[in-house]
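One structure is given below, encoded as structure tokens.
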Amino acid sequence: MYLTTRGIVFRQTKYSDTSLVVKILTEEAGLGSYIIKGARGPKSRIKSGFFQPLNLLDLVVNHNEKSELQHIREVRVAYPYQQIPDDFRKSSILLFVDELLYKSIQEQVVNDDLFNFIFNNLVLLDQTNENPANFHLSFAIHLTRFLGFSPQGEYRNESTVFNLEEGCFVQTEPLPAENFISGPACYWFDRFLQTEPGWFFDLQVPHPFRQLILEKLLRYYHLHLPLTGEFKSHIILHEVLKK
């Protein structure tokens, strides 16, 4: 069965001397693995360059639900990035977002809202002329809505601590210390929750709190998803976004 669909590239892996297996989140079939035979060869009709991390594609695929590897019949770029390739801050953010999505989304379930959230926010990252330093935090926080562990409760006078394990605002700091956000960091965490993703730049978050919130968010993801391995891309991101 042929499907015409948009797709978001997560990861490519060398399959042979000339072929690739590419993990792609598609709008019509969810997450899947696609083999591109000869993609790394000089005469390939479908070049490996299409499948860079988080490229946004239009695809025609041969979809067989009984097969673990699907085939791509046609491919073109749905939205060519204009600013990201030449902006070190944005390209570093893109690599973090790619790692976050690759680790977090493992099921093949079709989810239009999730797909559109990712697609539209990647376009937003490319097009914005605002400082992108808050983008990855806003993205990671709002992504939890689609992954099933969105923060619950309200930040208020008697509930100014966020319990990472329980996923809600509470009155007292639980143990261990790595499992909660409190103080000014919790205030900014709540501000991100209350701010639509498209307005991430409106928050003037001091860099130390951005860094702390990101570390806590990664802990939050580890507590609520069966992730394998530690995150790595955020280490470079801390340095890139200091200014």
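The values are calculated or read from the model by the stated rules, or taken from the named source; none is laboratory data. As the structure is a computational prediction, the values presented were derived from the model and not from experiment. Glycine also receives a Cβ, built like all others from the backbone with ideal geometry; neighbour counts cover every protein chain displayed. SASA here: full protein model, heavy atoms, side chains in, ligands and nucleic acids out. Shrake-Rupley method; radii C 1.70, N 1.55, O 1.52, S 1.80 Å.
Please give the helix 207-224 orientation as an angle from the longest Cα principal axis of the chain, in degrees from 0 to 90, rounded to the nearest 10.
Compared with the principal axis, the helix lies near 70 degrees.
How high is the FRET efficiency between Thr172 and Gln152 when r is their beta carbon distance and R₀ equals 22 Å, given to the nearest 0.05?
About 0.85, to the nearest 0.05.
Would you list the P(r) distribution for the chain, with all Cα-Cα distances sorted into 5 Å bins from 0 and each bin expressed as a whole %?
1, 6, 13, 16, 18, 15, 12, 8, 5, 3, 1, 0, 0, 0
Put a dot 7 Å past each Cα toward the Cβ at His71 and Glu239; how far apart are the dots in nm?
Distance between the two pseudo-spin positions: 4.5 nm.
Hey, if you put +1 on the Cβ of every Lys and Arg and -1 on every Asp and Glu Cβ in the chain, which of Cys168, Leu54, Ala185 ends up farthest toward the positive end of that dipole?
Leu54
Exceeding 22 Å between C-alpha atoms, which entries from my cross-link table qualify? They are Lys14/Lys47; Lys23/Lys66; Lys37/Lys66; Lys103/Lys232.
Flagged as over cut-off: nothing, all pairs pass.
Round to a whole angstrom and tell me the spacing of the C-alpha centers of the stretch 184-235 and the stretch 29-89.
A separation of 30 Å, based on Cα centres.
Can you pull the percent of the chain's accessible area that's carbon plus sulfur, 1.4 Å probe, other chains left in place?
On the way: 5990 of 12460 Å².
In the chain, the share of accessible area belonging to carbon and sulfur is 48 percent.
Relative to the present Cα-Cα distance, how much length would full extension add between Leu3 and Asp113 at 0.36 nm per residue of separation?
Gain on stretching Leu3 to Asp113: 37.7 nm.
What are the equivalent ellipsoid semi-axes of the stretch 1-90, built from the alpha-carbon gyration tensor (square roots of five times its eigenvalues), in whole angstrom, biggest first?
Rounded to whole Å, the semi-axes are 21, 16, 12.
Rounding to the nearest 20 debye, state how big the charge dipole of the stretch 44-129 is about its Cα centre with +1 on each Lys and Arg Cβ and -1 on each Asp and Glu Cβ.
For the stretch 44-129, the charge dipole is close to 320 debye.
Any idea how far apart Val123 and Gln82 come out in nm if each label point goes 7 Å out from Cα toward Cβ?
Going by the 7 Å Cα→Cβ label model, 1.3 nm.
Can you tell me the 0 to 90 degree angle between the C-alpha axis of helix 135-147 and the longest principal axis of the chain, rounded to 10?
80
Between rounded, prolate and oblate, where does the stretch 140-243 land on the alpha carbon gyration tensor, with a ≥ b ≥ c its root eigenvalues, rounded for a/c under 1.5, else prolate if a/b exceeds b/c?
rounded
How far, in degrees from 0 to 90, does helix 183-194 lean away from the longest principal axis of the Cα atoms of the chain, to the nearest 10?
50
What is the dipole size for the stretch 1-87, taken about its Cα centre, with +1 at each Lys and Arg Cβ and -1 at each Asp and Glu Cβ, in debye to the nearest 20? Write down the numbers at each step before the final one.
Values: 12 positive and 9 negative charges, 82 e Å.
Roughly 400 debye for the stretch 1-87.
Using a 1.4 angstrom probe, figure out how much accessible area the chain has per residue, in square angstrom, rounded to the nearest whole.
Value returned for the chain: 51 Å² of accessible area per residue.
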